[in-house]
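These notes concern the structure reproduced below.
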Amino acid sequence: MAYVNHDSDDAIRAGIIKEIDLPEAAVKVLGNSPSDRINTMVCDIIDNSWVCSGLIAPKNNSRPEIKMSPRVLKATGILRDFLFERVYNVQSGLPETERARQVLRRLYDYFLKHPRELPPEYLLHSDTEWRA
């Protein structure tokens, strides 16, 4: 829920997509603005998960779940699929992306060989496992 909303908003601000590019089927259900979309999703989860509060009994002895309604879940999926098609996958193929990967790899290799060169705030973490 959070990443779909934040990533669509970030992509619009970055000029990767325009608000009008968002799928109509998603916007119709979720709302026109980032705050509308977040509000719709949060309220829908609350409405559809009220049984988890213990204040009402589950129907048919079903197990209480935190969930979205099928309608909002489908709209969220449409927005997510759109982001993969128009933002995530497209960006990964851009020349700038490969240059950024190379910079990160070089920094990683350098600091792996020279850990004392890391800024002090990065040395505060207790995680000592190196990840590639």
By residue number, the members of region 32-44 that are in contact (Cβ under 8 Å) with a residue 24 or more places away in the chain and in contact with a helix residue (DSSP H, G or I) (Cβ under 8 Å, 6 or more places away or on another chain) are Pro34, Arg37, Ile38, Thr40, Met41, Asp44
Candidate set from region 55-101 (those that are of a type in the set (Gly, Ala, Ser) and part of a helix (DSSP H, G or I)); member that is modelled with the lowest pLDDT: Ser92
If I filter region 15-29 down to residues being assigned to a helix (DSSP H, G or I) and among the β-branched types (Val, Ile, Thr), which single residue comes out as modelled with the lowest pLDDT? Ile20
If we keep just the residues of region 39-51 that are open to solvent by less than 60 Å² (accessible area, probe 1.4 Å), modelled with pLDDT under 95 and in a helix (DSSP H, G or I), which is nearest to Phe82 (Cα to Cα)? Asn48
Determine which single condition Asn32 fails, assuming it passes every other condition in (1) over 18 Å from Lys74 (Cα atoms); (2) assigned to a loop (DSSP other than H, G, I, E, B). (1)
Out of all the residues in region 52-78, which are within 20 Å of Tyr3 (Cβ to Cβ) and open to solvent by 60 Å² or more (accessible area, probe 1.4 Å)? Ile66, Lys67, Leu73, Lys74
Going residue by residue through region 14-29, is there one that turns out to be of a type in the set (A, V, I, L, M) and farther than 21 Å from Tyr88 by Cα? yes
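The values are calculated or read from the model by the stated rules, or taken from the named source; none is laboratory data. No experiment lies behind these values; they were computed from the predicted model shown. Note: ideal-geometry Cβ built from the backbone for every residue, glycine included; neighbour counts use all protein chains shown. Heads up: the accessible areas ignore ligands, DNA and RNA and are worked out on the full protein's heavy atoms, side chains in. Shrake-Rupley method; radii C 1.70, N 1.55, O 1.52, S 1.80 Å.
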